[in-house]
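Worksheet: the structure to be examined is printed underneath.
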Amino acid sequence: MLPKFLLYPLIFLVALGTVAVGIVVMTLALLYPKLPSLDAVTDYRPKLPLRVYTTDHQLIGEFGEERRAMLKLTEVPLNMRHAILAAEDDRFYQHGAVDFQGVLRAMLADVFSHSAKEGASTITMQVARNFFLTNERTLTRKLSEVLLSYKIESNLTKDQILELYINQIYLGQRAYGFGAAAVVYYGKPLSQLTVAEMAMLAGLPKAPSRYNPIINPQRAALRQQYVLRRMHDLKYLNDADFTLALHKPGHASAYHANALTRADYVAEMVRQYMVQTYGDGVYSSGYSVITTLLKPDQDAAFRAVREGVLAYDQRHGYRGPEATLDLPSSGATIADFEESLGDLEIANELYPAVVESASEKEVSAYIKNVGPVILKDGALAFVHASLSPKTSADRRIKRGSLIRVLRNDKSGWVIVQYPKAEAALVSLDTHNGAIRALVGGFDFNRTKYNHVIQAYRQPGSSFKPFIYSAALEKGFTPFTLVDDSPIVIHDPNQNGGEAWEPHNYENEYLGPIRLRIGLAESKNMVAIRVLKAISPGYAQEYIKRFGFESNRQPAYLSMALGAGEATPLQMATAYAVFANGGFRVKPYFIDQILDSSGKPLSRTQPILAGEGAEQVIDPRNAFIMTSMMKDVIRMGTATRALSLGRQDLAGKTGTTNDHVDAWFCGFQPSLVAVAWVGFDKPASLGPQETGAQAALPIWMDYMGTALKTVPESEAIMPPGIEVVAIDPKTGQPSTASDHIDDYTYATAAQNN
């Protein structure tokens with residue numbers, strides 16, 4: 001029997017323990033019925049963004065509060081699962097809802113470190129917290145978390161819980177789940193990440209803002225190394241893979257938050273359409289929109305526009321550094337460089353860089369998110385004058401100068417500059433109107449203004465084919481002689497009532513020439529005389545069949561020189577009429593719309609050329625106009641396109657007064673493309689910047705890729721066309737065997 005001095009304290013302790021247990025039991029009894037239903041996890045329906053894809057199912061954009069890519073556990077690479085377990089809960093498959101061994105380890109670590117650094121939340125507890133609870137630090141919330149964890153574990157398998165965690169956890173940059181984070185931070189699917197990149201993502205759940213590799217790259221790197229060490233210690237990585245991962249940590253960048261295929265302008269077109277059609281709910285309902293874009297075509301268009309604008313910029317010289325950034329007078333660290341570059345974005349693969357030191361032979365710079373680099377020789381060619389001590393201070397490259405660099409496949413990094421000029425390109429299938437590529441400007445982040453569909457610009461000489469097509473209907477033939485000599489127009493309704501004295505490019509005149517040569521050489525005097533002969537009123541009415549708005553094409557003689565207005569998309573649609581034999585197809589960019597389960601909601605049913613589409617010009621007219629535009633490439637203003645090595649290309653250059661707008665509109669029987677270059681605020685591109693110089697190279701770069709697998713094809717000559725020998729001097733039919741063959745056909749106008 002215990003002594004009384006021990007018995008009473010023992011009774012007191014037992015009673016106290018009983019009360020404590022009772023309180024805990026009562027608390028649990030009161031809390032458990034109030035726990036939320038598990039419907040959110042057993043019937044998991046997260047907010048899914050609106051996603052936009054190419055027709056070959058490559059992501060081009062997503063819109064929503066949460067970036068998320070739902071994955072089955074079997075779709076998650078084993079290394080990714082191992083990285084998550086190593087970072088968050090390596091005994092996940094061994095313990096229950098609560099890891100009591102982990103709790104004890106965390107308590108001991110906190111005691112010995114005199115802090116609360118170690119956590120003991122299991123993956124199941126994190127799922128409970130993320131789905132149902134807040135992050136407040138209270139005993140009630142913690143007890144609810146534990147109870148919910150047991151409830152979850154009794155209703156779901158471990159694999160189901162891990163799958164929920166992988167898809168739900170917040171990882172910074174509006175990315176929810178590891179599938180979305182892979183695209184946001186690395187610009188590729190989770191399945192394509194390296195072990196090191198997976199370890200970087202696995203380190204994010206602990207504190208997404210603190211370990212964000214974009215905002216805090218150094219701290220994120222330390223966390224990544226910790227995860228890799230844990231994976232190695234747990235035998236998830238062998239020595240060789242562990243060493244490789246440490247030496248090749250991967251490169252995360254805000255740039256990768258952009259879509260995999262660069263089609264921002266089309267993604268925005270889709271977003272606007274979806275909101276107008278389905279309302280704001282599209283941002284969380286998981287719709288998928290399949291566009292008509294082809295990834296290879298869109299990638300080619302993006303590169304062509306970028307290279308074309310940069311080439312134009314190179315021809316007009318370096319304007320000097322963008323700004324001067326603050327740097328310590330000496331001994332700058334990586335942190336100093338990154339801080340100086342601040343929020344500057346990587347725009348269209350043009351990286352911002354700050355200069356550490358500069359001489360006429362060498363520039364030492366720090367590239368944002370890349371690191372230090374030494375630039376010399378060819379990398380300095382563009383800016384050589386700005387490295388001279390004699391250059392004015394505002395144009396000289398020196399310590400602290402903000403420059404732009406571009407990675408060149410041949411010579412590494414080179415100095416470029418952010419361009420002021422704009423460009424656009426659009427292509428569409430001539431048979432059904434499906435848009436295959438669309439780039440609305442040099443950089444979507446600079447301006448959302450979509451030049452393809454919004455910019456009404458003067459088309460210049462690229463408009464002449466429509467005037468010539470109208471002339472064919474009025475009895476002209478490709479071999480009709482027209483005088484190419486200076487002309488003075490006196491029209492009280494034009495040019496403010498003053499005499500209008502148009503001129504040819506470089507004031508070159510050939511006298512009487514065939515209509516075919518007039519188009520190939522883009523002779524303005526020929527086009528004006530043709531329009532005068534058929535009348536501007538007739539031409540204004542005629543061009544409506546191509547889709548042009550008559551109010552934007554005033555019925556003046558200047559219409560012959562493209563003095564009206566049209567968008568690149570309108571020009572592409574109009575040129576498709578020539579390419580497909582005279583049919584007007586309606587351009588479209590959405591192929592189908594799917595709901596969150598992949599069920600089709602709608603699908604575009606285009607009206608095809610030759611199968612229901614309206615025939616707006618005679619097929620003979622289309623054939624002859626195509627033949628004439630082939631000569632533009634064969635012997636006219638676009639002979640540079642001969643380098644593509646194809647005989648089935650046709651098109652027309654366009655240059656407006658004072659070289660404000662530069663165009664090339666061209667096609668192959670199955671594909672039409674239009675390229676435009678200019679400034680948003682109309683200004684001269686420069687005296688030599690014609691359509692052939694500024695726009696044609698963009699068109700060629702694009703078509704060279706888009707037609708790579710498309711066999712050459714020739715249009716079949718339709719019935720009713722006659723091949724005749726003509727005398728090039730008189731433009732009259734001839735029986736001489738050595739004269740030129742050309743086409744003609746009888747029209748109603750001719751017969752009358």
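The values are calculated or read from the model by the stated rules, or taken from the named source; none is laboratory data. What you are looking at is a predicted structure, and each value in this text was computed from that prediction instead of being measured. When we count neighbours, we look across all protein chains shown, and the Cβ atoms used for this are built from the backbone with ideal geometry, even at glycine. Remember, those area values only see protein heavy atoms, side chains included, never the ligands or the DNA or RNA. Shrake-Rupley method; radii C 1.70, N 1.55, O 1.52, S 1.80 Å.
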Rg to Rh quotient for segment 376-431, alpha carbon positions, Kirkwood Rh: 1.19
query: Where does the charge balance sit around Ser670 when Lys and Arg score +1, Asp and Glu -1, over other residues with C-beta under 14 Å from its C-beta?
result: -2
task: Just tell me which lysines come within less than 17 Å, Cα to Cα, of Lys151; anything on the same chain fewer than 8 places away is out.
output: Lys34, Lys142
Rounded accessible area per residue of segment 283-436, 1.4 Å, Å²: 43
field: Accessible area per residue, Å², segment 457-589 with all protein chains present, probe 1.4 Å
entry: 36
- request: Could you list, in their original order, any pairs among Lys532/Lys729; Lys523/Lys630; Lys474/Lys532; Lys464/Lys729; Lys464/Lys523; Lys72/Lys248 whose Cα atoms are separated by more than 19 Å?
  value: Lys532/Lys729; Lys464/Lys729; Lys72/Lys248
- prompt: Among 196-206, 522-532, 311-321, what's the highest-first ranking by average C-beta atoms within 10 angstrom per residue?
  reply: 196-206, 522-532, 311-321
- request: Amide H neighbours of Leu601 under 5 Å, at least 5 residues apart or on other chains, H built in the peptide plane: list them.
  value: Ile593, Leu594, Asp595
Student exercise, the chain dipole from Lys, Arg, Asp, Glu Cβ charges, in Debye to nearest 20: 2060
- request: Starting with the highest mean, order 609-617, 264-272 by the number of other Cβ atoms within 10 Å, averaged over the residues of each peptide.
  value: 264-272, 609-617
task: Would you kindly derive the ³J(HN,Hα) couplings of segment 669-678 from the backbone phi angles with the Karplus curve 6.51 cos²θ - 1.76 cosθ + 1.60 (θ = phi - 60°), listing them in order in whole Hz, with x for Gly and Pro?
output: x, 9, 9, 10, 9, 10, 10, 9, 9, x
message: Positive end of the dipole of the chain, charges at C-beta (+1 Lys, Arg; -1 Asp, Glu), about the Cα centre: which of Ser737, Ala379, Leu246 has its Cα farthest in that direction?
response: Leu246
Intensity falloff of segment 261-401 expressed as log10 I(q)/I(0), Debye formula with alpha-carbon point scatterers, at q = 0.08, 0.13, 0.20 Å⁻¹: -0.36, -0.75, -1.19
- prompt: What is the diffusion coefficient of the chain in µm²/s, taking the Kirkwood radius over Cα pairs and the Stokes-Einstein relation at 25 °C with a viscosity of 0.890 mPa s?
  reply: 80
- line: Relative contact order of segment 146-221 (C-alpha contacts under 8 Å, at least 6 apart) in percent is 19
Sum of side-chain charges, Ala706 neighbourhood, beta-carbon under 9 Å (Lys, Arg +1; Asp, Glu -1): +1
Listed residue (Leu162, Phe100, Val354) projecting farthest to the positive dipole end of the chain, Cβ model: Phe100
field: Protein accessible area in the chain, 1.4 Å probe - carbon and sulfur %
entry: 53
- request: Go from 0 up to the bin containing the longest alpha carbon distance in segment 351-469, width 10 Å each, and give me the % of pairs per bin.
  value: 11, 30, 23, 19, 13, 4, 0
message: With bins 5 Å wide starting at 0, give me the P(r) of segment 287-357 over every alpha carbon pair, in whole percents.
response: 3, 11, 15, 15, 14, 12, 12, 8, 6, 3, 1
- line: In order over segment 482-487: 3J(HN,Hα) from phi, Karplus 6.51/-1.76/1.60, θ = phi - 60°, whole Hz, x for each Gly or Pro, gives 10, 6, 9, 9, x, 9
Straight-distance crosslink candidates among aspartates and glutamates, where the alpha carbon sits under 15 Å from Lys295 and sequence neighbours closer than 8 are dropped: Asp56, Asp264, Asp429, Asp591
field: Extreme residue, positive dipole direction of the chain, given options Ala470, Ser535, Ala180 (C-beta unit charges)
entry: Ala180
- prompt: Across segment 643-649, in residue order, what do the Karplus-derived ³J(HN,Hα) couplings come to in whole Hz, using 6.51 cos²θ - 1.76 cosθ + 1.60 with θ = phi - 60° and x for Gly and Pro?
  reply: 5, 6, x, 10, 9, 10, 9
message: Sort 298-306, 581-589 by packing, meaning the average of other beta carbons within 10 Å per residue, with the highest value first.
response: 298-306, 581-589
- request: Express in whole angstrom the spacing between the alpha-carbon centres of segment 588-648 and segment 270-311.
  value: 20
- prompt: Under the definition of Cα pairs under 8 Å and six or more residues apart, what whole-number percent is the relative contact order of segment 289-374?
  reply: 16
Cα Rg over Rh - segment 171-275, Kirkwood: 1.06
statement: Filtered hits (lysines, Cα-Cα < 27 Å from Lys398, offset >= 8 within chain) -> Lys361, Lys368, Lys376, Lys390, Lys410, Lys420
- prompt: Using helices alone, what [θ] at 222 nm do you get for the chain, with -39,500 (n - 2.57) per DSSP H run of 4 or more residues, divided over all residues and rounded to the nearest 500?
  reply: -11000 deg cm²/dmol
